[in-house]
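The values are calculated or read from the model by the stated rules, or taken from the named source; none is laboratory data. Given the structure is predicted, the values throughout are model-derived calculations rather than measurements. Note: ideal-geometry Cβ built from the backbone for every residue, glycine included; neighbour counts use all protein chains shown. All accessible areas refer to the heavy atoms of the entire protein, side chains included, with ligands and DNA or RNA removed. Shrake-Rupley method; radii C 1.70, N 1.55, O 1.52, S 1.80 Å.
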Amino acid sequence: MAAIMFDTHAFVKELIDAGMPEQQAEVLARSQATLIDEKLATKSDLKELELRLKLHLGSMMVVAIGVVAALVKLL
């Protein structure tokens, strides 16, 4: 998974400037950073998934064609 840059310091500063207590802003920044690191997909993640799905679909099509050919030969 590709790294996504998230400036926690700037985020905390912005929250504090908006009136949020510093401790609360720091907890929110940590949780946001964790969420971004663990749950957010990048374009390269999606491209990799697309390639894997194409390979799986191609494999399934080859097997299906083989099964159909075998059944046609038997009948």
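Condition first: among the aliphatic types (A, V, I, L, M) and more than 24 Å from the chain's Cα centre (by Cα). Can you find one or more residues in segment 25-45 that meet it? Quick ask: steps written out before the conclusion?
First pass over segment 25-45, keeping only residues among the aliphatic types (A, V, I, L, M): 25, 27-29, 33, 35-36, 40-41.
Among the residues that remain, those that are also more than 24 Å from the chain's Cα centre (by Cα) are: 25.
Yes, the conditions are met somewhere in segment 25-45.
Collect the residues in segment 1-38 that are part of a loop (DSSP other than H, G, I, E, B) and under 24 Å from Leu49 (Cα atoms), keeping them in residue-number order.
Filtering segment 1-38 for residues part of a loop (DSSP other than H, G, I, E, B) gives 1-7, 18-21.
Across segment 1-38, the qualifying residues are Met1, Ala2, Ala3, Ile4, Met5, Phe6.
May I ask you to list pairs of residues, at least six apart or on different chains, whose Cβ atoms are under 9 Å apart, with the first in segment 5-19 being open to solvent by less than 60 Å² (accessible area, probe 1.4 Å) and the second being modelled with pLDDT under 95 and of a type in the set (A, V, I, L, M)?
Listed pairs, sorted by first residue: Thr8/Ala33; Phe11/Ala33.
Name the residue, out of Ala29, Ala69, Ala33, that is modelled with pLDDT under 95, open to solvent by less than 90 Å² (accessible area, probe 1.4 Å) and touching a Phe, Trp or Tyr at 6+ places or on another chain (Cβ under 7 Å).
Details: Ala29 fails: modelled with pLDDT under 95; Ala69 fails: touching a Phe, Trp or Tyr at 6+ places or on another chain (Cβ under 7 Å).
The conditions single out Ala33.
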